[in-house]
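Novice: Just dropping this structure here.
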């Protein structure tokens, strides 16, 4: 799809579909909109009245413009919500609504007229392009016939926003990373395995100039990664410890590490997930790793002056005669011992060794992402990730990065007293605590594998998957986290 930033007035634009944004309770036709209404024989006012269009965020209405000689075939109205509450995400959602409507109306070209957010044309264009790219992404890889039939939207003109080609390119590069993450999460576990994840990482390195390091089981054994390898023992597929590095030209102003949980399938191990547990959806348990690789793809194209390490300890959590047992004691690569009291709390075991590895790189900050606990979903629902951090500055950076991305997160407490629930009489700690505060004790467990580096943990168990269409997210994998990570890396701090 081609995006064009143009100064063409909406009154003069010609093409298949013209989409115009309206604020809620301010759906008035004045100035050039009144002229446009006159030009099309009152069709705008008629559409507003017939559909009772109020301008609510994400709403839309469309109709055909009469006459075969009309310069515009379809008019589309999209809601922006309250003017005082306009956010970049409002523009993403409205752009998505316009694009979906244009596709439904079989428009090949779309002219889009939306307001500029906070006098920032660059971020406005980036948000609009992200909304359209992500809303129209369809994953038909595993269907014998594509559901995308008929005319496709081929060109979008961003009216009144000329000179923003760089913002368009930036948005498309970021969306490429989001779409990679979506497709990794959406693919079944017989397609995305530790082996294919490593192959994906190597392809990214080759295509975008990243440095790739894939540690095999023997390499991990030499590094003493007993926690990660304890999880991996039961699988017939070999574990892969993936480490990609982006290095800028010249001296980097920061060095960062992003660590993603990479369980390509989680059966629960010997504490097997029961009926009704959603075991069939445990292909999504590598959502953190998918976001990590998606961010790597975007960052490698954006080329910031920041060194970034992308790390994921990738394996399956399966059942066999070699499986770790409840009651086993594992030793992580920092020497700490862990009594396994629940084999279904495996993600934190893989992350433990990945965090130790990341800190040894001498970075300025570490972020990990993981579909870690159902407790976080109970606490924050399906749309909001939990944030825990030992460093207020890093936490605030992530909150700001997520706000610009439109990806919701909420900071949660690292209540040290709750670590009492993880204490073991025979090891340094257990891998799970009591049910209350389960997402907090999971974060406290991870904290034991960071010594001094500023660190934050994102529990993304809820927002990596959508059960219904929401804004620019379709049903299925959302690619959550990629845009927040990119914003965090790019931020001037």
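Novice: Among the residues of the range 22-30, is there at least one that is outside any helix (DSSP H, G or I) and in contact with a strand residue (DSSP E or B) (Cβ under 7 Å, 6 or more places away or on another chain)?
Specialist: Filtering the range 22-30 down to residues outside any helix (DSSP H, G or I) leaves 22-30.
With in contact with a strand residue (DSSP E or B) (Cβ under 7 Å, 6 or more places away or on another chain) added as a condition, the list becomes 22, 24.
Yes, that holds for at least one residue.
Novice: Could we say that residue 287 is in a helix (DSSP H, G or I) and crowded, with 17+ Cβ neighbours inside 10 Å here?
Specialist: On the way: in a helix (DSSP H, G or I): yes; crowded, with 17+ Cβ neighbours inside 10 Å: yes.
Criteria met by residue 287.
Novice: Can you tell me which of (1) out of contact with any helix residue (DSSP H, G or I) (no Cβ under 8 Å at 6 or more places or on another chain); (2) in a loop (DSSP other than H, G, I, E, B) is the one residue 245 doesn't meet?
Specialist: The one condition residue 245 does not meet is (2).
Novice: A follow-up question, please. Kindly indicate which of 176, 99, 181 is at pLDDT 95 or above, in the same structural domain as residue 478 (by TED's automatic domain parsing) and either touching a strand residue (DSSP E or B) at 6+ places or on another chain (Cβ under 9 Å) or not in a helix (DSSP H, G or I) (or both).
Specialist: Working: 176 fails: either touching a strand residue (DSSP E or B) at 6+ places or on another chain (Cβ under 9 Å) or not in a helix (DSSP H, G or I) (or both); 99 fails: in the same structural domain as residue 478 (by TED's automatic domain parsing).
Going through 176, 99, 181 in turn, the sole match is 181.
Novice: Return the residues of the range 330-354 that are over 16 Å from residue 318 (Cα atoms) and crowded, with 21+ Cβ neighbours inside 10 Å; say none if nothing qualifies.
Specialist: Listed by number, the residues that qualify are 330, 332, 333, 338, 351, 352, 353, 354.
Novice: Now for a different question. Just for the range 398-417: of the residues that are crowded, with 19+ Cβ neighbours inside 10 Å and either free of Cβ contacts under 8 Å to residues at least 40 places away in the same chain or part of a loop (DSSP other than H, G, I, E, B) (or both), which one is nearest to the chain's Cα centre (by Cα)?
Specialist: Just the residues of the range 398-417 that are crowded, with 19+ Cβ neighbours inside 10 Å, to begin with: 398, 401-402, 404-407, 409, 412.
Still in the list and also either free of Cβ contacts under 8 Å to residues at least 40 places away in the same chain or part of a loop (DSSP other than H, G, I, E, B) (or both): 406-407, 412.
Working: 406: 10, 407: 8, 412: 20 Å.
Step by step, filter the range 398-417, then rank; the result is 407.
Novice: Consider residue 395 carefully, then state whether it is assigned to a helix (DSSP H, G or I), under 23 Å from residue 483 (Cα atoms) and modelled with pLDDT of 95 or more.
Specialist: Values: assigned to a helix (DSSP H, G or I): yes; under 23 Å from residue 483 (Cα atoms): yes; modelled with pLDDT of 95 or more: yes.
Answer is yes for this residue.
Novice: So which residues in the range 31-65 are in a strand (DSSP E or B) and touching a helix residue (DSSP H, G or I) at 6+ places or on another chain (Cβ under 7 Å), if there are any at all?
Specialist: Just the residues of the range 31-65 that are in a strand (DSSP E or B), to begin with: 60-64.
Correct list: 60, 61, 62, 63.
Novice: Of the residues that make up the range 66-83, is at least one at negative phi, assigned to a helix (DSSP H, G or I) and touching a helix residue (DSSP H, G or I) at 6+ places or on another chain (Cβ under 6 Å)?
Specialist: Within the range 66-83, none of the residues are at negative phi, assigned to a helix (DSSP H, G or I) and touching a helix residue (DSSP H, G or I) at 6+ places or on another chain (Cβ under 6 Å).
Novice: Moving to a separate point now. Counting residues that are assigned by TED's automatic domain parsing to the domain that holds residue 432 and under 18 Å from residue 265 (Cα atoms), which helices (runs of 4 or more DSSP H) fully inside the range 191-232 reach at least 3? Give the steps one after another, and end with the answer.
Specialist: Details: elements: 194-208, 217-222, 226-232.
Passing ranges, in order: 194-208, 226-232.
Novice: Continuing with the same structure: What is the number of the single condition among (1) buried (at least 17 other Cβ atoms within 10 Å of the Cβ); (2) not in a loop (DSSP other than H, G, I, E, B) that residue 255 does not meet?
Specialist: Among (1) buried (at least 17 other Cβ atoms within 10 Å of the Cβ); (2) not in a loop (DSSP other than H, G, I, E, B), residue 255 violates only (1).
The values are calculated or read from the model by the stated rules, or taken from the named source; none is laboratory data. Every value quoted in this text rests on a predicted model; they were computed, and no experiment measured them. So basically every Cβ, Gly included, is an ideal-geometry build from the backbone, and we count neighbours across all protein chains shown.
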